[in-house]
Amino acid sequence: MELIKYNKNNSKIIIKKALAVLKNGGIFVFPTETCYGIGTDATKKSAINKLYSYKTRREGKPLSVVVADIKMAQKYVEINEMAENLYKSYLPGPITVVSKGKGKVAKGVESEYGTLGIRIPEHELILDIVKNFGKPFTATSANMSYLPKPYSIKALLKNMPAKNLELIDLIIDAGKLPHRETSTVVDTTMNSLNIVREGQLNIYKKSDKKSILSAQTESAEETINFGSMNMLKYIDEPLSKPLVFFLVGELGGGKTQFAKGIARCLNIKDLVKSPTFTILNEYNYKFGERRGKFIHVDTWRIEDINDLETIGLDNYFSVNNIIAIEWANKFSNDLKKKIKKTGGKIINVIFNYLDDDRRAIETYE
Amino acid sequence: MLSSIILTMIDERLKLMNKIKITSKNKYKEAIILAIDTSCDDTSVAVLKGRRVLSSVISSQVELHKKWGGVVPTIAKRAHQDNIEKVYQEALKRARIKEEEIEFVAVTHGPGLAIALEVGIEFAKNLAYTKKKKLVPINHMEGHMLASFILNSKGNGAIALNKEGTVFPALALLISGNHSEIVYAEDINKYKILGETLDDAAGEAFDKVARMMNLGYPGGEIITLLAGRASSTWSNVASGLEERNERKPLAEVAGRLGLPVPMMRSKDLNFSFSGLKTACLYKIKNLREKYSEDTKWSYDFSREFINAVSRSLLTKLSKAIKLHPEIKSIIIGGGVSNNKYIIREVGALTRKTQKNYLIPESKFRSDNAGMIGIAAYYNINNLENWLEGKKILELDRKPMLRL
């Protein structure tokens, strides 16, 4: 193991040494704009295995990798619009952007779901090394599992067992690094715009029936009233089957306000708040002789239809229950199948912006 | 004569009862409490000895997940029983406590997502019932409320032992991904919600606006990072708005981009972030069209968005302080208070009021089990609020529980 102190004048020598280590499948410790990281050739199986014996407890978790720029990143991951945005506005910087991998790194680097974290550190020396190397190397923090993130080599080496120390080939010591939090990990594989848009179109195409109610609302209060109006239309029908509202529209379109309106019509006194975080909120309602549950669901944070089963949504598709699902278009086909089985009725509610306060809302059966 | 004997006897009896009460109170001051929180995306377990948190483990730190730990909220994973067992074992290990030493098992029974709450509750019930421990159900929000009372493993913290009395009555601003509340705390365990969000929570607004900016999930933190790159002129513009004119109301815009500060005109103490969300959507569309490839607008925008949220929180908090001049302290809790811009302004406001300012250590602001443990400590010692024997099996989740 070699330890070399980094100063502004010896970067050429350091780059040379780091490249030699990387080419031999070795491991080196390097400074970043956050804490010290540990790097090895992300495309070489033996190198990754060596890293895994250093970081003992990382079973199954993907490693993030350092690349030089977006061009290099594109060779290893699929960069969608969301990811591109992050690269443009923030990288190089302390963010790890997770994208769908192309399977071009060694086994165990990508997650089992095929995702990979990309890091472009705001650190000249590291960018020079990766540019010269021409391939990504790993960017995990240099500490052993369960130990604090290291901001100095002294802290890193304190109490390190000889077994682990032996695995390191080179340490680039840049002294005590300023204490900046480790990089924020952002997943861009989730909630992709394309999926959402496609779903929305589906609903339009498949609904050959005419709009049953439509309104231009001028305020949140009017959207609430329109929600009540829609609910009122069905409240007198014998509800022997569940009634499900599919609420479809962009963020801030008025979906939660509409749901508040349904609740108001159902005499629910509890405050109906956005279920984004809890995913599913349950209220009891009583309207005349009818009693049941009003279920307010938000699938915004949900990626997988199975998750809706896990939270028990299926159990709620029953007699007298009224269910409002925000972002239902994400899973419209699956949901339709489920609801059909129960004989339930679906009302599609489409929200469109006109301007700051005004919305065009249409409902279809 | 006889009556005086009886009176003396009663007197003695009362003294004895008081004594018993005192000893029973002290009995739990150093109790080992195991605390569990599964109301959020993470599974958290902590071990406390009295008010001291010996260990506090969150599933995303333990790297249990096959995918990116804790980032993608896959509920199926949250519901996975394996997680909690591993986190539990790790918490015991780090605290150097054996299962036999646990006297109380505290668990969040609401509010939160039903299916997630159930995982923690089932685990806690099973442990308490089979191993004969006392079960303490805790309201997650009381956890946020009392997180400032946590002592570290060496016994250090903001409020020393037996000094709790100096804190109350107090006002609490609890801001997280799921909640934005102003709470009046007459004393520990005596709360009243004065104001809350009518739609989206503060933390939720962050994630949603980040999504509109196409910044991935969770994007709240990214907005804060981007705000750090705001132009120097931004702060000038903002501080221009800061100039208070006693006769005029506070400016209703958050900066030169004209984002509205939510609920400035409402007279109550409630919050609402859905209007700001809509305004952001429009502003983002405009800025995108105007600057097309150049994304630098996002820096100033992020800073102004944070300013809008923070000013809304601050306005309502200062209104609450004016309505309740008798309070001795201002308590902060919840993950959004980790936002450096927001906390800087909340801190400045509280210092001006000369009240005690209680804010938990950073890691106890966002959801964690340590805060459930400290809330349990007070439920045990002040209220003797726990379940034993068969009663344990009756505990059920309360997804919509309120303070």
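The values are calculated or read from the model by the stated rules, or taken from the named source; none is laboratory data. The structure displayed is predicted, hence computed values, not measured ones. Note that we place each Cβ from the backbone using ideal geometry, even for glycine, and neighbour counts take in every protein chain shown.
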Q.
With the structure loaded, tell me whether A:K255 is charged (D, E, K, R) and touching a residue at least 12 places away in the same chain (Cβ under 8 Å) or whether it fails that test.
A. yes
Filtering region A:73-89 down to residues that are more than 7 Å from chain B (Cβ to nearest Cβ) and among the hydroxyl-bearing types (S, T, Y) yields A:Y76, A:Y87
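Yes/no matrix, rows are residues, columns are (1) assigned by TED's automatic domain parsing to the domain that holds B:R51; (2) touching a strand residue (DSSP E or B) at 6+ places or on another chain (Cβ under 6 Å); (3) over 20 Å from A:K273 (Cα atoms):
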site: B:K133; (1), (2), (3): yes, yes, yes
site: B:I150; (1), (2), (3): yes, yes, yes
site: B:K163; (1), (2), (3): no, no, yes
site: B:A170; (1), (2), (3): no, yes, yes
site: B:A185; (1), (2), (3): no, yes, yes
site: B:A202; (1), (2), (3): no, yes, no
Scanning region A:308-365 residue by residue, those in a loop (DSSP other than H, G, I, E, B), within 14 Å of chain B (Cβ to nearest Cβ) and more than 30 Å from B:G258 (Cβ to Cβ) turn out to be A:I311, A:G312
In the set B:S266, B:S337, B:S318, the lone residue that is at negative phi, touching a residue at least 60 places away in the same chain (Cβ under 8 Å) and in the same structural domain as B:A205 (by TED's automatic domain parsing) is B:S337
Report yes if B:L323 is within 20 Å of B:Y191 (Cβ to Cβ) and crowded, with 19+ Cβ neighbours inside 10 Å, otherwise no.
no
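Table: residues versus (1) basic (K, R); (2) out of contact with any Pro (no Cβ under 7 Å at 6 or more places or on another chain).
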{"position": "A:M1", "(1), (2)": "no, yes"}
{"position": "A:L22", "(1), (2)": "no, yes"}
{"position": "A:K45", "(1), (2)": "yes, yes"}
{"position": "A:K55", "(1), (2)": "yes, yes"}
{"position": "A:V67", "(1), (2)": "no, no"}
{"position": "A:K75", "(1), (2)": "yes, yes"}
{"position": "A:Y90", "(1), (2)": "no, yes"}
{"position": "A:K100", "(1), (2)": "yes, yes"}
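If I ask for residues that are without any contact (Cβ under 8 Å) to a residue 24 or more places away in the chain and either in contact with a Phe, Trp or Tyr (Cβ under 8 Å, 6 or more places away or on another chain) or not aliphatic (A, V, I, L, M) (or both), which ones from region B:155-191 would you list? Before the answer, list the steps.
We begin by selecting, within region B:155-191, every residue without any contact (Cβ under 8 Å) to a residue 24 or more places away in the chain; these are B:156, B:160, B:162-163, B:165, B:186-187, B:190.
Once the filter is applied, which keeps residues that are without any contact (Cβ under 8 Å) to a residue 24 or more places away in the chain and either in contact with a Phe, Trp or Tyr (Cβ under 8 Å, 6 or more places away or on another chain) or not aliphatic (A, V, I, L, M) (or both), region B:155-191 yields B:N156, B:N162, B:K163, B:G165, B:E186, B:D187, B:K190.
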Just one listed residue, out of B:E345, B:E361, is under 16 Å from the mean Cα position of the chain (by Cα) and farther than 12 Å from B:I138 by Cα, and it is B:E361
Inside region B:253-283, the number of residues satisfying the requirement of being of a type in the set (F, W, Y) and over 15 Å from A:D355 (Cα atoms) is 2
Restricted to region B:197-223 and to residues being facing chain A (nearest Cβ under 7 Å) and within 17 Å of the chain's Cα centre (by Cα), the residue surrounded by the fewest Cβ atoms within 10 Å (Cβ to Cβ) is B:T197
Does A:K71 count as farther than 30 Å from B:S298 by Cβ, at pLDDT 85 or above and of a type in the set (D, E, K, R)? no
Residues of region A:116-130 being touching a residue at least 60 places away in the same chain (Cβ under 8 Å) and either outside any strand (DSSP E or B) or more than 14 Å from chain B (Cβ to nearest Cβ) (or both), in sequence order, are A:P121, A:E122, A:H123, A:E124, A:L125, A:I126, A:D128, A:I129, A:V130
Contact list, first residue from region A:29-43 and under 10 Å from A:S183 (Cβ atoms), second anywhere and in a loop (DSSP other than H, G, I, E, B) and of a type in the set (F, W, Y), beta-carbon distance below 9 Å, six or more apart or interchain, is A:T34/A:Y151; A:C35/A:Y151
Picked from region A:249-278 (must be under 22 Å from the mean Cα position of the chain (by Cα) and more than 17 Å from B:T197 (Cα to Cα)), the residue nearest to the other protein chains (Cβ to nearest Cβ) is A:L251
Among the residues of region B:175-195, the number that are within 14 Å of another protein chain (Cβ to nearest Cβ) and either outside any strand (DSSP E or B) or buried (at least 21 other Cβ atoms within 10 Å of the Cβ) (or both) is 8
Would you confirm, using the coordinates I've provided, whether A:D298 is out of contact with any Gly (no Cβ under 7 Å at 6 or more places or on another chain), surrounded by fewer than 22 Cβ atoms within 10 Å (Cβ to Cβ) and either at negative phi or not acidic (D, E) (or both)? no
Per the list (1) within 14 Å of chain A (Cβ to nearest Cβ); (2) within 18 Å of B:L259 (Cα to Cα), residue check on B:S292 breaks on (2)
Return yes or no: is A:L201 modelled with pLDDT of 90 or more, assigned by TED's automatic domain parsing to the domain that holds A:D334 and of a type outside the set (V, I, T)? no
The condition of being closer than 30 Å to B:L34 by Cβ, in contact (Cβ under 8 Å) with a residue 60 or more places away in the chain, more than 22 Å from the chain's Cα centre (by Cα) and not assigned by TED's automatic domain parsing to the domain that holds B:A202 holds, among B:L383, B:L387, B:L403, only for B:L387
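Here is a yes/no grid of residues against (1) more than 16 Å from A:A139 (Cα to Cα); (2) at pLDDT 95 or above; (3) within 14 Å of chain B (Cβ to nearest Cβ):
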site	(1), (2), (3)
A:A20	yes, yes, no
A:K23	yes, yes, no
A:T34	no, no, yes
A:D41	no, yes, no
A:R58	no, no, yes
The lone condition B:G155 fails out of (1) farther than 30 Å from B:E304 by Cα; (2) within 18 Å of the chain's Cα centre (by Cα) is (2)
Of the residues in region A:97-110 that are within 19 Å of the chain's Cα centre (by Cα) and surrounded by fewer than 22 Cβ atoms within 10 Å (Cβ to Cβ), the one that is farthest from the other protein chains (Cβ to nearest Cβ) is A:K102
Determine if region B:103-117 includes at least one residue that is modelled with pLDDT of 95 or more, surrounded by 24 or more Cβ atoms within 10 Å (Cβ to Cβ), away from chain A (no Cβ under 14 Å) and in a helix (DSSP H, G or I).
no
